[in-house]
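Written below as structure tokens is the structure these notes are about.
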Amino acid sequence: KPMTAVSDIRRELSRQLCHCVQWKRSMEFLIHEGVLNFVEIGPGRVLSGLVRTFSKTVRITNVNDFLGKSSSN
């Protein structure tokens with residue numbers, strides 16, 4: 001869930017560096033809250049494929065390099 005307190009954010013970032021990231025729960029939460037657009041930064045489309053397992057209606061943009069080349073699927 002979204003955090004706004006600086007102390008909570010610092011604690012959570014530290015925790016996620018040393019523990020499992022709750023990626024599945026995060027994606028389910030975002031989609032349930034109505035997020036329809038995602039941006040995958042970096043080479044490949046692994047995360048795009050994983051997001052599609054949660055919802056076929058989301059829009060995913062892949063940014064694969066720092067020169068601004070991107071593609072949508």
Once phi for every residue in the stretch 14-19 is put through the Karplus expression 6.51 cos²θ - 1.76 cosθ + 1.60 (θ = phi - 60°), the whole-Hz ³J(HN,Hα) values, with Gly and Pro written as x, are 4, 5, 6, 6, 10, 10
Taking Lys and Arg as +1 and Asp and Glu as -1, residues besides ARG59 with C-beta under 15 Å from its C-beta add up to +2
In nanometres, the difference between 0.36 nm per residue of separation and the alpha-carbon distance of THR61 and GLU28 is 10.0 nm
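For the pair ARG52 and ARG15, what calculated FRET efficiency results from E = 1/(1 + (r/R0)^6), where r is the Cβ-Cβ distance and R0 = 30 Å, to the nearest 0.05? Walk me through the numbers before you get to the answer.
Numbers: r = 28 Å, r/R0 = 0.93.
Working from the Cβ atoms, E equals 0.60.
I need the peptides 18-25, 39-46 ranked by packing, meaning the mean over residues of other C-beta atoms within 10 angstrom, with the highest value on top. Don't skip to the end; give the middle numbers.
Working: 18-25: 9.4, 39-46: 12.8.
By packing density, highest mean first, the sequence is 39-46, 18-25.
How big is Rg to Rh over the chain, alpha-carbon atoms, Rh as the Kirkwood inverse-mean-distance radius? Intermediate results must be reported in sequence, preceding the final value.
Values: Rg = 14.2 Å, Rh = 13.9 Å.
Checking Rg against Rh, the ratio lands at 1.02.
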Percent relative contact order for the chain, counting Cα pairs under 8 Å at least six residues apart, stands at 24 percent
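Compute the accessible area per residue over the chain, keeping the other protein chains in place, probe 1.4 Å, unit Å².
On the way: 5900 Å² over 73 residues.
Computed with neighbouring chains in place, this is 81 Å² per residue.
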Percent antiparallel among DSSP beta bridges confined to the chain, rounded to 5, stands at 40 percent
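The values are calculated or read from the model by the stated rules, or taken from the named source; none is laboratory data. A quick note: this is a predicted structure, and the numbers were derived from the prediction, not measured. Cβ: placed from backbone, ideal geometry, glycine included. Neighbour counts: every protein chain shown. Side chains are part of the model used for accessible areas, which takes the heavy atoms of the whole protein and leaves out ligands, DNA and RNA. Shrake-Rupley method; radii C 1.70, N 1.55, O 1.52, S 1.80 Å.
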